[in-house]
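The values are calculated or read from the model by the stated rules, or taken from the named source; none is laboratory data. Just so it is clear, the model here is predicted, and its values are computed rather than measured. Note: ideal-geometry Cβ built from the backbone for every residue, glycine included; neighbour counts use all protein chains shown.
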């Protein structure tokens, strides 16, 4: 089993918006990687990591966001428990992929990263 201590410390140094952005990226990777059955181990790892990202973010995300994130975390846990059968069935993997993509979009919107202005670099 992986020791998540250093990952947690690094992750918690980020602002909530960036943490949500990383979670959104993970969820998008689940969608992308699920297309190929050779990536099933990678998807299982992304599911596990995403559960931790939610755990480490929900407490700082506000009550409404936290509730939505925890619902996602519960479903991720269900997928994790059933991953052996899900990964062996293409149609089930595609259902997981589509749900992960929908969540990715929701979490990215939740992060506010899409609406933040891009910093301009000053010329020297």
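Regarding residue 65, is this residue touching a helix residue (DSSP H, G or I) at 6+ places or on another chain (Cβ under 7 Å), at pLDDT below 95 and in a helix (DSSP H, G or I)?
yes
Residues that are farther than 18 Å from residue 42 by Cα, within 15 Å of the chain's Cα centre (by Cα) and surrounded by fewer than 16 Cβ atoms within 10 Å (Cβ to Cβ): does the range 78-92 have at least one?
Within the range 78-92, none of the residues are farther than 18 Å from residue 42 by Cα, within 15 Å of the chain's Cα centre (by Cα) and surrounded by fewer than 16 Cβ atoms within 10 Å (Cβ to Cβ).
Does residue 42 satisfy being surrounded by fewer than 17 Cβ atoms within 10 Å (Cβ to Cβ), in contact with a helix residue (DSSP H, G or I) (Cβ under 6 Å, 6 or more places away or on another chain) and either part of a helix (DSSP H, G or I) or at positive phi (or both)?
yes
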